[in-house]
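Before any comments, here is the structure.
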Amino acid sequence: MNLIQPLDHDRFLMGPGGRLEVRGSICSSCSLRLHPARGKCPRCSEDMLETFITDPDGVIESFTVVHQKIERSLIDPPYALAEVKLTDGYRLRCISTDDLEVSIGSRVRLDTQQVETDSGPRLGLVFTLI
Ligand SMILES: [Zn+2]
């Protein structure tokens, strides 16, 4: 059985059971939380600790619905691309090919979904409305 690989190894790792684990970092000084993970805090320059995001719930802060195929994009339109602020403070970008009727403030939950790409199926981080 082939394990389907994540779209982006820098931001996600494959966890047990074939689920994506989302990498992030927390500042050891000011507690700023960032995704993708960084080594130094952009706010106070202190070291950041690498961690995983555990709370998948958040709200949409901004979004766009993509209708045109983007050069070198792995995903076929239409899809919604949203910046989501999670309950625990992380902000990250994710997509949805199912939920296109979104608005700013929509409550969403992050999940993983198999997406078809030019190089075969991959696992991506997606959001669903809750
Ligand atoms: Zn900091």
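Cβ-Cβ below 6 Å, separation at least six or inter-chain, first residue in the stretch 38-51 and assigned to a loop (DSSP other than H, G, I, E, B), second within 6 Å of the ligand (Cβ to nearest atom) and among the polar types (S, T, N, Q): which pairs?
Note: pairs meeting the criteria are C44/S29; E46/S29.
From the residues in the stretch 77-113 that are assigned to a loop (DSSP other than H, G, I, E, B) and hydroxyl-bearing (S, T, Y), which one is modelled with the lowest pLDDT? Write out each step before concluding.
Filtering the stretch 77-113 for residues assigned to a loop (DSSP other than H, G, I, E, B) gives 77-78, 87-90, 97-106.
Going one step further and asking which of them are hydroxyl-bearing (S, T, Y), we end up with 87, 90, 97, 103, 106.
Details: T87: 93, Y90: 93, T97: 89, S103: 96, S106: 97.
Applying the filter and picking the extreme gives T97.
So, in the stretch 34-60, of the ones that are within 11 Å of the ligand (Cβ to nearest atom) and modelled with pLDDT under 95, which residue ends up surrounded by the most Cβ atoms within 10 Å (Cβ to Cβ)?
L34
Would you be able to tell me the number of residues in the stretch 89-130 that are surrounded by fewer than 13 Cβ atoms within 10 Å (Cβ to Cβ) and among the polar types (S, T, N, Q)?
Going through the stretch 89-130 one residue at a time, the tally reaches 3.
With the requirement that a residue be β-branched (V, I, T) and either within 16 Å of the ligand (Cβ to nearest atom) or in a loop (DSSP other than H, G, I, E, B) (or both), what does the stretch 9-27 give you? Full working, then the answer.
Step one: list which residues in the stretch 9-27 are β-branched (V, I, T), which gives 22, 26.
Matches in the stretch 9-27: I26 only.
May I ask you to verify whether L74 is under 16 Å from the mean Cα position of the chain (by Cα) and either in a loop (DSSP other than H, G, I, E, B) or surrounded by 14 or more Cβ atoms within 10 Å (Cβ to Cβ) (or both)? Give the steps one after another, and end with the answer.
On the way: under 16 Å from the mean Cα position of the chain (by Cα): yes; either in a loop (DSSP other than H, G, I, E, B) or surrounded by 14 or more Cβ atoms within 10 Å (Cβ to Cβ) (or both): yes.
Yes, satisfied.
Can you tell me which of L20, L13 is among the hydrophobic types (A, V, I, L, M, F, W, C) and crowded, with 17+ Cβ neighbours inside 10 Å?
Details: L13 fails: crowded, with 17+ Cβ neighbours inside 10 Å.
Among L20, L13, only L20 is among the hydrophobic types (A, V, I, L, M, F, W, C) and crowded, with 17+ Cβ neighbours inside 10 Å.
The values are calculated or read from the model by the stated rules, or taken from the named source; none is laboratory data. Nothing here was measured: the structure is a model prediction, and the numbers come from that model. Positions of Cβ are backbone-derived with ideal geometry, glycine not excepted, and every protein chain shown enters the neighbour counts.
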